[in-house]
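Each value in this text was obtained by applying a stated rule to the coordinates, not by laboratory testing. All of these numbers come straight from a predicted model, not from anything done at the bench. Note that we place each Cβ from the backbone using ideal geometry, even for glycine, and neighbour counts take in every protein chain shown.
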Amino acid sequence: MEPAPLAGEPMKVGDVRAARLSAFLGAAALLAACRAEERPKPGAAGATPTAVFTDASPHRSTLVPANGIRLAMLDWSGDGPPLVMIHGIGDNPHIFDDLAGRLRGDFRVIAYARRGHGDSDAPAAPYGLATLVEDLRQLLDGMGIRRASLLGWSMGGNEITRFAGLYPNRVEKLIYMDSGYDWSEPVFLKPFGEMLAAVAPDDSALASLDAYRTWFRESWLGEAPWSDGLEAYLHNTVRIAADGRLEVIPSQSVFEACFASLAAPPRDYSKVRAPALSLYAATFFPMSSKDPDLADRARGFERDVMVPFRATSRARIRRELPQARNVEIPGTRHMSIGVHEPDALAKTIRDFLAAPAR
């Protein structure tokens, strides 16, 4: 079923599809341009040597065969029922390092890098939602997990929604971590692509890991305190060349293919039977950048795009998933919601998962 338009006059089905395609094509062109600038220039001067980093998070790292490739999985073990975490586009499972360590006393916590991300294999294709969901199914089968709770951050919300609809008997509960959105909506997708182009790292940000860390904190993280988990995450988003310059993971082609899957047909919540917790960040991008133009764009994106889109998305969740809880996490951004106050977040998640299903 096509979703109702978020604003303006009602649109016909064909108009919605055309607008969605137009939004994607415009955003993809911008993304291709900004990602091309990310390629490191060999032999550039000013590179800073980087010390070897050791990930201290108490997880086991392994490659799990699934759907014809190998997926890099982090397993924190732990006692209790399985909780499987899925990261967002361009991310990797180390984004969960701080949160998972706080949940492993009550759950068996697992996170994995979707194809093309982190240390997982990166085939040329495919990267559509059906493939990503099948990756998840086969990973669970390979781990001997018949039923689990699923947590999806950002793009990960697409996978958990589709998986829960296809395999309701395999899902205990769902957690949407700033992912209770239908990313395919044109009112979001095109301006989001424009913002990605605006915040993309320039050549100076890719000169060293220190420069990249500064860029990430200003462009995405905001005021959240730095942690060992974020450091592990940062290392897993890049490859470091001998001269200290960086090459971003995933590649441009993988990123574009995953972005294309965001423009796929709209989410269908109607088949979801599992209780859900939908957590929302207070704002999407940080608005305190030292770059006044970037701070201005972030404020405009929040005001003109995210405020109405967030309100409409939350209303849709309440309407189509009446058993869902809707919670805003104060002081957080899209990329900081899982790391801002991990103790408090872990308690919210633990209480939800431990509560009897209504």
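Listing for the model above:
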item: Residues whose placed amide H lies under 5 Å from that of Glu328, excluding near-sequence neighbours; result: Tyr280
item: In the chain, lysine pairs with alpha-carbon atoms under 30 angstrom apart (chain gap of 8 or more, or interchain); result: 9
item: From the C-alpha gyration tensor of the stretch 55-354, square roots of 5λ in Å; result: 27, 23, 19
item: 3J(HN,Hα) from dihedral phi, the stretch 333-339, Karplus parametrisation 6.51/-1.76/1.60, rounded to Hz, x for glycine, proline; result: 10, 4, 8, 10, 4, x, 10
item: Label-point separation, Glu172 to Ser288 (7 Å along Cα→Cβ), nm; result: 3.7 nm
item: Cut-off under 5 Å, modelled amide H: who pairs with Val171 long-range; result: Ala148
item: GNM flexibility winner over the chain from Gly78, Gly144, Gly180 (Cα, springs under 10 Å); result: Gly144
item: Relative exposure of Lys347, Lys290, judged by other C-beta atoms within 10 Å (fewest first); result: Lys290, Lys347
item: Value of relative contact order over the stretch 231-346, rounded to a whole percent, pairs C-alpha under 8 Å and six or more apart; result: 28 percent
item: Nonlocal amide H pairs with Arg70, under 5 Å, H built at 1.01 Å; result: Asp121
item: Computed over the stretch 55-354: relative contact order in percent, which uses C-alpha pairs under 8 Å that are six or more apart; result: 22 percent
item: Additional length obtainable on full extension of the chain from Gln252 to Asp343, 0.36 nm per residue less Cα span; result: 29.3 nm
item: Helix-only mean residue ellipticity at 222 nm for the chain, each DSSP H run of n ≥ 4 adding -39500 (n - 2.57), per residue, nearest 500; result: -12000 deg cm²/dmol
item: DSSP bridge orientation in the chain - percent antiparallel, rounded to nearest 5; result: 40 percent
item: HN-Hα J in Hz across the stretch 108-125 - Karplus 6.51, -1.76, 1.60, θ = phi - 60°, x for Gly and Pro; result: 8, 9, 10, 9, 9, 8, 4, 3, x, 10, x, 9, 6, 4, 10, x, 5, 6
item: Label-zone membership for the stretch 229-257, site Thr54, 7 angstrom Cα→C-beta point, backbone N under 16 Å; result: 229, 232
item: HN-Hα J in Hz across the stretch 270-285 - Karplus 6.51, -1.76, 1.60, θ = phi - 60°, x for Gly and Pro; result: 5, 8, 6, 10, 6, x, 9, 10, 10, 9, 10, 6, 5, 9, 8, 9
